[in-house]
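Chemist: Could you have a look at this structure, given as structure tokens, before my questions?
Just so it is clear, none of the values below were taken in a lab; they were calculated from the coordinates. Bear in mind the structure is a predicted one, so any value in this text is a computation, not a measurement. Don't worry about glycine lacking a Cβ; one is built from the backbone with ideal geometry, like all the others, and counts go over all protein chains shown.
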Amino acid sequence: MIARRTLIVAGALAPLAACSSTPQEKSNRAQDLVDAATITVDRMRRERPAMNALLSRAEGVMVFPSLIKGGLIWGGQGSSGVLLARDAQGWSAPAFYSMGGVSWGLQIGVQDTELMLVVMTPKGMDAVTKRGVKLGADASVAAASAGATAQAQTTNLSFDIYPFADTVGAFAGLSLEGGWVETRDDLNRAYYDRAMIEPSDIVRRRTVTAPRADRLRAALAA
């Protein structure tokens, strides 16, 4: 199943690895990322029951469909993801981000990780909507471990952000402390056809809409 999942996500993200020069090409790349994020949300909601309870009261969520260790995609387009906020209106349109600086620890054979960061506090949401944020410094992040997953089932949550990861090889060993997240301005501008747009315009003020992301919002609200 993991091999099949990797092929599906890698196929959806393949256009992200290619260089693009036109706004339309970048908009298409952004849509590929939204579609890959939808696949990730659908599957991880089925396989991570603890996450479902959090999503129903989360401030927001970041979805990174493919963080690949090594020189193929890691550090490039494959580290991109989306942020959506949740309020009384439901889930917002997606804003585009990239991630780097994640430690893979001493794991052997880990090649690919799907990652969802469930943001549970206003402080955490304030941090991730900045143009750049250092995880663990600007917002506290639970360890990506089975213990943290178990804690996420409780009502006494002590972290701003709870990660849920599906890693090829093993679940433990992925450290987000010290990792950074920053905006993908090129994808945000191309996807919304704006000369300049901030993440807060998209996910908080909701000055834009994204009908092409309806499936992703529906997957999060299911």
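Chemist: May I ask for the net charge around Val141, where only other residues with Cβ less than 9 Å from the Cβ of Val141 are counted and Lys, Arg are +1 while Asp, Glu are -1?
Modeler: Spelling it out: positives minus negatives among the neighbours equals -2.
Chemist: Non-local amide H neighbours of Leu135 (under 5 Å, H modeled in plane, Pro and chain starts lacking H): which ones?
Modeler: So Leu135 has HN proximity to Gly178, Gly179, Trp180, Val181.
Chemist: Take peptides 42-49, 53-60 and line them up by average Cβ neighbours within 10 Å, highest first, as a rough protection proxy.
Modeler: Values: 42-49: 14.5, 53-60: 18.2.
Taking the mean over residues of other Cβ atoms within 10 Å, the ranking is 53-60, 42-49.
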